[in-house]
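> First, the structure itself, so that you have it in front of you.
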Amino acid sequence: STTKPGFVAVIGTYGFWLKDIEIKDWAGLAAVWAVRDINMEMRGMYIHDPSYSAVDHGYGILLDPVVNSLIVDNIIYNSQSHFIIQGASDSNVIAYNVSAFGNYINGGYTGEWLQHEISGNHSPFPSFNLFEGNYTAQFQSDYYYGPSGWGTLFRNRIPGNSSETNQHRLAVSID
């Protein structure tokens, strides 16, 4: 356990941007936690190696909810989940990002399970989001807290495997 938060929280903004920053060694929920934001841009970020990961900590970018925003040209490496889209996040473009080596940590299990690196839905009704040109081991919409609608996966490279994993090798998982 650690007390170093080291993350960026962007709450209730309009027209905000983050550009060319590196975030590492954070201990909070996510390296970037965007909450109730509109027309935001995140570009050229390098996010990697949280100091603490758990089933609910160590995420890369968490959109909760974010509307009409551009998340482009970012590298996220070695975190619990790299992109998580939640809570009616609508009309966003998540494009040309690289996600590598997502860590699956759940109840002490840290095995060779392929972690979803982009979660297109983890709470009620994200819609009209475009995922284009990303490289990620796995895309998942889990519908755990509710459905989503009208999202688009377009020209992504999603191999369904990683050199770090040997179980649960799926490219796209829609529960």
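> If you count only protein heavy atoms with a 1.4 Å probe, what accessible area per residue comes out for the chain, rounded to a whole Å²? Don't skip to the end; give the middle numbers.
On the way: 8170 Å² over 175 residues.
Dividing the accessible area of the chain by its residue count gives 47 Å².
> Still on this model: What is the extension gain from TYR144 to ALA88, computed as 0.36 nm multiplied by their sequence separation minus the C-alpha to C-alpha distance, in nm to one decimal?
18.8 nm
> Moving on to the next point. Which percent of the accessible area of the chain is formed by carbon and sulfur heavy atoms (probe 1.4 angstrom)?
54
> So, in nm, how far is label TYR96 from label ASN39 when the simple model puts each one 7 Å beyond its Cα toward the Cβ?
Here the modelled spin labels are 2.2 nm apart.
> Around LEU63, what is the net charge, scoring Lys/Arg as +1 and Asp/Glu as -1 over all other residues with Cβ under 12 Å from its Cβ?
Value of the local net charge: -2.
> Under a crude label model (7 Å from the Cα following the beta-carbon direction), how far is LEU153 from TYR46 in nanometres?
So the label points at LEU153 and TYR46 sit 2.9 nm apart.
> Okay, moving on. How much length, in nm to one decimal, is gained on full extension between SER173 and GLU132, taken as 0.36 nm per residue of separation minus their Cα-Cα distance? If you can, show how the numbers build up before the last one.
Numbers: separation 41, 0.36 × 41 = 14.76 nm, distance 1.68 nm.
Length gained between SER173 and GLU132: 13.1 nm.
The values are calculated or read from the model by the stated rules, or taken from the named source; none is laboratory data. Owing to the predicted nature of the structure, the values given are computational and were not obtained by experimental measurement. With ideal geometry, Cβ positions are generated from the backbone for all residues, glycine too; neighbour counts draw on all protein chains shown. Keep in mind that these areas ignore ligands, DNA and RNA; they rest on the heavy atoms of the full protein, side chains included. Shrake-Rupley method; radii C 1.70, N 1.55, O 1.52, S 1.80 Å.
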